[in-house]
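Asks: Would you mind keeping the following structure in view while I ask a few things?
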Amino acid sequence: MQTDFRSDTITQATAPMRAAMAAAEVGDDVFSEDPTVNELQERMADLTGKEAALFLSSGTQSNLAAVLAHGQRGDEYLIGRNYHILINEASGASAFGGLAPWPLAVDDRGSIDPAEVASAVKEPDQHHPVTRMLCLENTTNGHVQSVELVTELAAVAHQNDMVVHLDGARLFNAAAALEVPISAFTSQVETASLCLSKGLGAPTGSVLVGDKKTIAQAFRMRKMLGGGTRQAGHLAAAGLYALDHHVERLVEDHRRAERIAAALSSLEGLGVVQATNMLWITPPAELHDALDAHLTTQGIGFFPWKPTMRLVTHLGIDDQAEDLLISSFQEFFAR
Ligand SMILES: Cc1ncc(COP(=O)(O)O)c(C=O)c1O
């Protein structure tokens, strides 16, 4: 039984996924000759309604290749103040691209107010950076940003001559939650990065989608970042397998998180927020360490951040793990 709720990134390839990886037809992807990578890229371009797609080793590399493809040194990008590109990607956009971030306020669901975007745009003036790009994220800590909001934010950005990049590490979760096609989001933005190794359960890989010109530039950036890999089709095969077998089941992760949230909400003093496959649990401050120790003793993996812990449902979590998690919390609060 898998009882590691830390992240949906910890999933391991299933036996049929491994078989698909082993059987993949491959070629040299630096020469764009890997048929399985090419198939994955074409499929993702089709799914997202974009002209082209590029397979990269991670979400971080995909986001970085995108922002480097869009921006010049000294340009500015607007971004939600707690978004992954800003705080969890080692400042690659600034270090390698010379891009300056302008953090925007977000609400408790990670949403940006479109008025904030408009007011953050700098007047064209020799003193100011050129406000070049808006970086969005969906889901944001599990919270779905609606199609309407993404559309509105992108429209404000476009009215102000910006391009929009969407970090869609978990965009499939957002689309599943709203029961909309993924293109409902991607049609609004210039580029989007979609991860295969989160809820979709592939061991590695992300795909950047956009128009041909931007993807050609990102291809160059991927090379510069050391991300041109050879027989990558074995990895792309996992992505293709995931698209066929692991997209529709994402709602199961969401339902499981909902059930856990419903059970934990009845425990006195426990703050519970559920958003798609993520659970944010805030125990009374004086109980935090003891609860951490109790869950750890039960073999449950989670992030014990203070004041709010994080648990995530994913492909590896089954009914038994769900029951263990709920009963462990109940036991602790029954003491
Ligand atoms: C919202 C978001 N964007 C991007 C990434 C980066 O993905 P990777 O870990 O593949 O670099 C993550 C990783 O967890 C993420 O949560």
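The values are calculated or read from the model by the stated rules, or taken from the named source; none is laboratory data. Given the structure is predicted, the values throughout are model-derived calculations rather than measurements. We place every Cβ from the backbone using ideal geometry, glycine too, and count neighbours over all the protein chains shown. Keep in mind that these areas ignore ligands, DNA and RNA; they rest on the heavy atoms of the full protein, side chains included. Shrake-Rupley method; radii C 1.70, N 1.55, O 1.52, S 1.80 Å.
Asks: Scan the range 194-211 residue by residue and report those that are of a type in the set (S, T, N, Q) and closer than 13 Å to Tyr241 by Cα.
Replies: Ser197, Thr204
Asks: Here is a follow-up. From the list Ala95, Ala105, exactly one residue is in the same structural domain as Ala69 (by TED's automatic domain parsing) and touching a residue at least 12 places away in the same chain (Cβ under 8 Å). Which is it? Working first, answer last.
Replies: Details: Ala95 fails: touching a residue at least 12 places away in the same chain (Cβ under 8 Å).
From the options Ala95, Ala105, the qualifying one is Ala105.
Asks: Another one. Looking only at residues in the range 83-104 that are part of a loop (DSSP other than H, G, I, E, B) and surrounded by fewer than 15 Cβ atoms within 10 Å (Cβ to Cβ), which one is farthest from the ligand (Cβ to nearest atom)? Write out each step before concluding.
Replies: Taking the range 83-104 and keeping what is part of a loop (DSSP other than H, G, I, E, B), we get 83, 88-91, 98-99.
Next, only the ones that are surrounded by fewer than 15 Cβ atoms within 10 Å (Cβ to Cβ) stay: 88, 90-91, 98.
Details: Asn88: 7, Ala90: 10, Ser91: 14, Gly98: 21 Å.
Across the range 83-104, the extreme among qualifying residues is Gly98.
Asks: Given the conditions (1) within 16 Å of the ligand (Cβ to nearest atom); (2) under 26 Å from Thr276 (Cβ atoms); (3) outside any strand (DSSP E or B), which single one is not true for Gln2?
Replies: It is condition (1) that Gln2 fails.
Asks: Additional query: How many residues, within the range 7-30, are within 16 Å of the ligand (Cβ to nearest atom) and either under 14 Å from Gly239 (Cα atoms) or part of a helix (DSSP H, G or I) (or both)?
Replies: So in the range 7-30, the residues within 16 Å of the ligand (Cβ to nearest atom) come out as 7-13.
Next cut, either under 14 Å from Gly239 (Cα atoms) or part of a helix (DSSP H, G or I) (or both) only: 8-13.
Matching residues across the range 7-30 total 6.
Asks: Further question on the same structure: Which one of these is charged (D, E, K, R), more than 16 Å from the ligand (Cβ to nearest atom), in the same structural domain as Ala15 (by TED's automatic domain parsing) and more than 16 Å from Asp46 (Cα to Cα): Arg255, Arg220?
Replies: It is Arg220.
Asks: If you don't mind, another one. Scan the range 1-40 residue by residue and report those that are open to solvent by less than 70 Å² (accessible area, probe 1.4 Å), in contact with a helix residue (DSSP H, G or I) (Cβ under 8 Å, 6 or more places away or on another chain) and not hydrophobic (A, V, I, L, M, F, W, C).
Replies: Of everything in the range 1-40, those that are open to solvent by less than 70 Å² (accessible area, probe 1.4 Å), in contact with a helix residue (DSSP H, G or I) (Cβ under 8 Å, 6 or more places away or on another chain) and not hydrophobic (A, V, I, L, M, F, W, C) turn out to be Gln2, Thr3, Asp4, Asp8, Pro16, Gly27, Asp29, Ser32, Asp34, Pro35, Thr36.
Asks: Among the residues of the range 151-191, which ones are without any contact (Cβ under 8 Å) to a residue 60 or more places away in the chain, open to solvent by less than 30 Å² (accessible area, probe 1.4 Å), assigned to a helix (DSSP H, G or I) and closer than 24 Å to Arg255 by Cβ?
Replies: Hits for the range 151-191 are Leu171, Ala175, Ala184, Phe185.
Asks: For the range 194-217, what are the residues that are more than 9 Å from the ligand (Cβ to nearest atom) and of a type in the set (Gly, Ala, Ser)?
Replies: Gly199, Gly201, Ala202, Gly210, Ala216
Asks: Of the residues that make up the range 230-253, is at least one of a type in the set (Asp, Glu), touching a helix residue (DSSP H, G or I) at 6+ places or on another chain (Cβ under 9 Å) and not in a helix (DSSP H, G or I)?
Replies: So far as the range 230-253 goes, yes, one or more of its residues are of a type in the set (Asp, Glu), touching a helix residue (DSSP H, G or I) at 6+ places or on another chain (Cβ under 9 Å) and not in a helix (DSSP H, G or I).
Asks: Which residues, taken from the range 105-141, are part of a loop (DSSP other than H, G, I, E, B) and either over 21 Å from the mean Cα position of the chain (by Cα) or more than 29 Å from Arg310 (Cβ to Cβ) (or both)?
Replies: Scanning the range 105-141 gives Val121, Lys122, Glu123, Pro124, Asp125, Gln126, His127, His128, Pro129.
Asks: Give the residues of the range 53-70 that are surrounded by fewer than 24 Cβ atoms within 10 Å (Cβ to Cβ) and within 14 Å of the ligand (Cβ to nearest atom), sorted by residue number.
Replies: Once the filter is applied, which keeps residues that are surrounded by fewer than 24 Cβ atoms within 10 Å (Cβ to Cβ) and within 14 Å of the ligand (Cβ to nearest atom), the range 53-70 yields Ser57, Ser58, Thr60, Gln61.
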